[in-house]
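A.B. asks: For reference, the structure I am asking about is given below.
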Amino acid sequence: MKEAAFIGAGNMGGALIHAACQAIGPDQVVITDHDSARAQDLAQKLGCTAVAGNQDALSQAEYVFLCVKPQVMESVVKELVPVLADKRDTVLVSIAAGLQIATLRDWMGTLDFSPVILRIMPNTPASIGMGMLALTGEPGAKEEHYQAVEAILSKAGRVERLA
């Protein structure tokens, strides 16, 4: 099992993937993107693993970073629900601006449990390791969840928790 999966390898996702590979090692990172060539190229450059699809990425990691645009997030979340049902220890981390945790949870529909959901708001300087990343979560998130995300993203810049 890998520590982190990244769904979306665009500009911001790519910056966070790069930081994660530096912080926890590329052997602990799996990535996917709708443009599979982009994911393959980035994986080859960084030494991490690219997989063919979102469900495959989710099934291989404990912390899953949703690095897609807000307008496609709903379809991505709904695609993940069948795998989430079998992976109760998964922590989802969204970088989508303007999407509340409650909205993400609503898109999960009728899961019989509540996966932990955190949100981060990175900024462009994260691409050079000088970012300021705001981190927040819901009341069910544990200290260990926050610490793990902080460690995974530590090479992107400063991670600051917000209520």
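The values are calculated or read from the model by the stated rules, or taken from the named source; none is laboratory data. Please read all numbers here as calculations on a predicted model, not as lab measurements. Neighbour counts run over all protein chains shown; Cβ positions are idealised from the backbone, glycine included. Accessible surface areas use protein heavy atoms only, side chains included; no ligands, DNA or RNA. Shrake-Rupley method; radii C 1.70, N 1.55, O 1.52, S 1.80 Å.
A.B. asks: Can you tell me the relative contact order of the stretch 23-109? Whole percent, Cα pairs under 8 Å, sequence separation 6 or more. Kindly include the intermediate steps, with their values, before the conclusion.
C.D. replies: On the way: 98 pairs, mean separation 22.4, N = 87.
Over the stretch 23-109, the number comes to 26 percent.
A.B. asks: Could I ask something else about it? Length gain on complete extension for the stretch E62 to W107, per 0.36 nm per residue less the alpha carbon to alpha carbon distance?
C.D. replies: Details: separation 45, 0.36 × 45 = 16.20 nm, distance 2.01 nm.
Taking 0.36 nm per residue and subtracting the Cα distance, the gain is 14.2 nm.
A.B. asks: Further question on the same structure: Give me the net charge for the shell around D33: Cβ to Cβ below 13 angstrom, other residues only, Lys and Arg +1, Asp and Glu -1.
C.D. replies: Values: positive: R38, K69; negative: D35, D41, D56.
My count for the surroundings of D33 gives -1.
A.B. asks: Where the Cα atoms of the stretch 109-162 are projected onto their three principal axes, how long is each span, largest first, in whole Å?
C.D. replies: In descending order, the Cα extents are 40, 22, 17 Å.
A.B. asks: Of the DSSP beta bridges with both residues in the stretch 112-163, give the percent that are antiparallel, rounding to the nearest 5.
C.D. replies: Numbers: 4 of 9 bridges.
Counting DSSP beta bridges with both partners in the stretch 112-163, the antiparallel share is about 45 percent.
A.B. asks: Right, here's the next one. Over the stretch 24-66, calculate the relative contact order: mean separation of alpha carbon pairs under 8 Å at least 6 apart, over the residue count, as a percent.
C.D. replies: 40 percent
A.B. asks: Less than 28 Å apart at the alpha-carbon level, and either on another chain or at least 8 residues along: which lysines does that give for K155?
C.D. replies: Leaving aside lysines fewer than 8 places away in the same chain, those within reach of K155 are K2, K45, K69, K87, K142.
A.B. asks: Please report the relative contact order for the chain, taking Cα pairs under 8 Å with a sequence separation of at least 6, and give it as a percent rounded to a whole number. Working shown, then result.
C.D. replies: On the way: 334 pairs, mean separation 37.7, N = 163.
Here the relative contact order equals 23 percent.
A.B. asks: Assuming 0.36 nm per residue, please report the length gained on full extension of the stretch R88 to H34 beyond their Cα-Cα distance. Working shown, then result.
C.D. replies: Details: separation 54, 0.36 × 54 = 19.44 nm, distance 2.50 nm.
Between R88 and H34, full extension yields 16.9 nm more.
A.B. asks: Also, quick follow-up: Please work out the average accessible area per residue across the chain, using the 1.4 Å probe convention, and give it in Å². Write down the numbers at each step before the final one.
C.D. replies: Numbers: 7620 Å² over 163 residues.
Heavy-atom SASA per residue in the chain reads 47 Å².
A.B. asks: What is the sum of charges around A5, taking Lys and Arg as +1, Asp and Glu as -1, for the other residues whose C-beta is under 12 Å from the C-beta of A5?
C.D. replies: On the way: positive: K2, K87; negative: E3, D33, D56, E62.
After counting each charged neighbour, the total is -2.
A.B. asks: Place a point 7 Å from the Cα of E79 along the Cα-to-Cβ direction; which residues of the stretch 100-125 have their backbone N under 16 Å from it?
C.D. replies: Only 108 pass the distance filter.
A.B. asks: Based on the Cα atoms of the stretch 1-40, what semi-axes does the equivalent ellipsoid have, where each is the square root of 5 times one gyration tensor eigenvalue, given in whole Å with the largest first?
C.D. replies: 16, 11, 7
A.B. asks: Here's something else I'd like to know. Considering only A151, A19, A57, give the residue with the highest GNM mean-square fluctuation for the chain, with springs between Cα atoms whenever their separation is below 10 Å.
C.D. replies: A151
A.B. asks: Also, quick follow-up: Among residues other than C48 whose Cβ falls under 10 Å from its Cβ, what is the net charge (Lys/Arg +1, Asp/Glu -1)?
C.D. replies: Details: positive: K2, K45; negative: D27.
Summing Lys/Arg as +1 and Asp/Glu as -1 gives +1.
A.B. asks: Considering the options N11, V51, I128, tell which one lies farthest towards the positive end of the dipole of the chain, charges being +1 on Lys and Arg and -1 on Asp and Glu at the Cβ, about the Cα centre.
C.D. replies: My answer, from the dipole projection, is I128.
A.B. asks: Moving on. Test of understanding: given the chain, find the longest segment containing no trypsin sites (Lys or Arg not before Pro) that are in a DSSP loop and have at most 13 other Cβ atoms within 10 Å.
C.D. replies: Numbers: sites that count: R88, K142.
With trypsin sites (Lys or Arg not before Pro) excluded where exposed in loops, the chain gives 1-87 as its longest stretch.
A.B. asks: Moving to a separate point now. Mind checking Rg over Rh on the stretch 20-100, alpha carbons, Kirkwood formula for Rh? Walk me through the numbers on the way to the answer.
C.D. replies: Working: Rg = 12.6 Å, Rh = 13.2 Å.
Reported Rg/Rh (Cα atoms, Kirkwood Rh): 0.95.
A.B. asks: Another one. One-quarter of the Cα convex hull surface for the chain, in nm²? Don't jump to the answer; show the numbers that get you there.
C.D. replies: Numbers: hull surface 32.6 nm².
The number I arrive at for the chain is 8.1 nm².
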